[in-house]
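One structure below.
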């Protein structure tokens, strides 16, 4: 995802997360450690018995795009957990994972007795309808959130951002880190009771990466699978990198070892979908969607609501909820009123502006949590005068972020010193920020070759208008730059679609773009620094709208992306992040918080830094 | 009469054709890219090209337009960009009943309440009843719907918190859900209708033929209905006709704030997503409705006032 769109994306994230998160959250015990190495040298993941419940739904983060106002938030983010950096499964090394006791063991698989735990009424804000539930196509966070309740993949993340088995009960990684062998859960069933095999996963991956599903995120996140690019371009007859060894064994080969590949498999695009259903109903199959997740579609009333029923064959056990009633509510204020008049149990997982949050702050059912999310100012690095590092430094030093977050955003955000949000693996508490210092800012301005602020040509700052938070942030920045530096900035608030378009133009032809500075946001797709550094600021990557470029930064992230030693890897990212901060590749402003209303009768859902999550959907009730 | 109809139909076709062209051009002139919206704004030239081809957006604009018009002639409004696999006709068919019910409900309510109140005000001209009605109707006519909605929802939430009976504030889950949206939508036209009825009734009641009728000894009821109302309603028809047309396209603000799955909501969403086929379809739907209602209004005029038919 690219930044630009942030709004969309952020939403997505938020939302997505929220949902996901819940799922993620599960295992109480923290981290698995573990490991078994197999003789071949590859690591095998073996189950420890600790974790029990795991989660659920879907992948955490998917990149979605959302549109959310920055403030909003509650939704979900990807699971990231920082702390667990050390547990990232690195290829080759010790990897562990937890296996849950399959509920259904033995040969006969009988449906679980589901229901009895009440309905969950949960609004999906910001849309009139979902574009799709098809995991190969979902982009918007609104859809990712809903889709994640129905589908599941090979692996999933827990609330602490650890990887957990899902459709695959375990996996082996070859010593070179390029071949992943997944052992599919023997009793895995679709929600209609028929078995799910390795071929279903292969078919689903091939489908997600096909040309027909270009609108989805498959090729973006899973392009590292061997043959994916050619298959996606229609040059081959199939996806060569994914093969079925036997009905329980799926083998995936990669072009290059990627430490974060397993996390990428937690995206929607890697989820398993029923071929029978897709072939029976064609493009409208999501109207009848079922998968291997905790819920299935009972009825999708377009433009109105999505009704979900429990999946009686859910591999983790009996879902207690009677179902989920998810109305689509375009205006978050309407959802807010609906919640307050008793019509909803959960509100705000997609959009929850701070202006509304102020009305319920302090209520026991109101939650606010910082999210893995950056709001930042980006620069057009290909045009004068902002290709001047010293000028960018002067602008960065002149921003009083504390006032911005505490006074202007009313506490709905945390000041951002660096690019990686606190809690994300790789977060560096020792990073040296460009702290607010008007004197140093003025000195930097002089060093940049301007005798004072008035000598700087008038700059423009673009952002998405019409959203209270961005308007406030932009106006505040304008004042700070004027007051602390004497630099004049013209504000350019734009409608979402137009802003997106302008950022695309900036990315494609920066020297012709009128954009000089822009406010954008980024939320984690998956809990890895690579997603925030290599995918945002490396020279010429798709998301690097402003074309920041530094050879040393590139070298550091390229090495870190494939480094298997976690300590060395994170050290590489720390150095790269410091360079990007010193040179102001981004000017990070704040990490925003998510807001959520969650009725006290709802048990089993928790709201964390990653959004609304659950340890285990089978444990969620609303009575 | 036949010549009149043919002429009107001919000009309607021309207007419709111009409308398709204008909508087509204007939608594409707006900055923004439906494919980027579709892709979630991830930048990927290969996927971008594939999608452009899939939706025919790689063709030159004139070709796209001809294909579009060709489809229109077959009743094919195209496929939505934002909702994969959903024809535009299906989307419109889902929203139309909601908008129609809402609009017809509001029209009925505003007429049933507005016309009698206007008559009463006219008959009690300058009396206390007139003053109360006129003030109230002026208020209803002037208050913007988003303000009225805010007020009503606040009242409703207050009732709910006090554990008193209250109305649903959004959605269409129960029959009572219609009450607030229909009232809000009816409010301003109710005020307008009452005021027009009042002034035109006052004018008519001062006419010579009313005096004649009175002197003939006709009862007040007969004078009012046969001679007064029939003539007084003519200006009302001018107002009501075109406003019926807007019923089918939904009420943007009311549908959005009450979260009703009607055409208005669909239109708002499609504009934000640059879903060209849906934007075009809702605009054309509005165009057709306006043309038809104007035609019907003209025809009704001649029913109410035979002089117009003779001239026509």
Checklist outcome for this item: By the C-alpha gyration tensor axes a ≥ b ≥ c (rounded if a/c is under 1.5, else prolate when a/b exceeds b/c, else oblate), the shape of chain B is oblate
Checklist outcome for this item: Descending packing, highest mean Cβ count within 10 Å first, for A:244-251, B:110-117, A:594-601, B:159-166 is A:594-601, B:110-117, A:244-251, B:159-166
Item to check | chain B: angle of helix B:230-248 to the longest principal axis, Cα-based, in degrees nearest 10 | outcome: 20 degrees
Checklist entry - Cα gyration tensor of the range A:145-252, axes a ≥ b ≥ c as square roots of the eigenvalues: rounded (a/c below 1.5), prolate (a/b > b/c) or oblate? => result rounded
Checklist outcome for this item: Over the Cα atoms of the range A:322-401 the radius of gyration and the largest Cα-Cα distance (Dmax), both in Å, equal 20.1, 60
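Restricting to DSSP H runs of at least four residues, report the calculated mean residue ellipticity at 222 nm for the protein assembly as shown, -39500 (n - 2.57) per run over all residues, nearest 500 deg cm²/dmol. Mind dumping the intermediate values first?
Numbers: 31 runs with 390 residues, N = 935.
Computed ellipticity for the protein assembly as shown at 222 nm equals -13000 deg cm²/dmol.
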Checklist entry - Between rounded, prolate and oblate, where does the range A:197-344 land on the alpha carbon gyration tensor, with a ≥ b ≥ c its root eigenvalues, rounded for a/c under 1.5, else prolate if a/b exceeds b/c? => result prolate
Checklist entry - Exposure proxy check: A:404, B:234 ranked by fewest other beta carbons within 10 Å? => result B:234, A:404
Item to check | Stokes-Einstein D (µm²/s) once Rh is taken as the Kirkwood radius of the protein assembly as shown over alpha-carbon pairs, at 20 °C in 1.002 mPa s | outcome: 72 µm²/s
Checklist outcome for this item: Listed with the fewest Cβ neighbours within 10 Å leading, A:512, A:160 appear as A:512, A:160
Next on the checklist: With 10 angstrom as the radius, rank A:612, B:157, B:73, A:477 by how many other C-beta atoms surround their C-beta, starting from the fewest.
Outcome noted: B:73, B:157, A:477, A:612
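Using only the Cα atoms of the range B:164-219, construct the convex hull and provide its projected area averaged over every direction, in square nanometres to one decimal.
With every direction weighted equally, the projected area is 6.8 nm².
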Item to check | Using alpha-carbon coordinates, inclination of helix B:263-272 to the longest axis of chain B, degrees | outcome: 40 degrees
Next on the checklist: Using only the alpha-carbon atoms, how far is helix B:276-304 inclined from the longest principal axis of chain B? Give it as 0 to 90 degrees, nearest 10.
Outcome noted: 20 degrees
Item to check | Rounded FRET efficiency, nearest 0.05, which uses the C-beta distance separating residue B:292 from residue B:59 and R0 of 30 Å | outcome: 0.40
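Since every read-out is calculated from the coordinates, none of them should be taken as a lab result. Predicted model only: the values in this text are computed from it and were never measured. Reconstructed Cβ throughout: ideal geometry from the backbone, glycine too, with neighbour counts over all protein chains shown.
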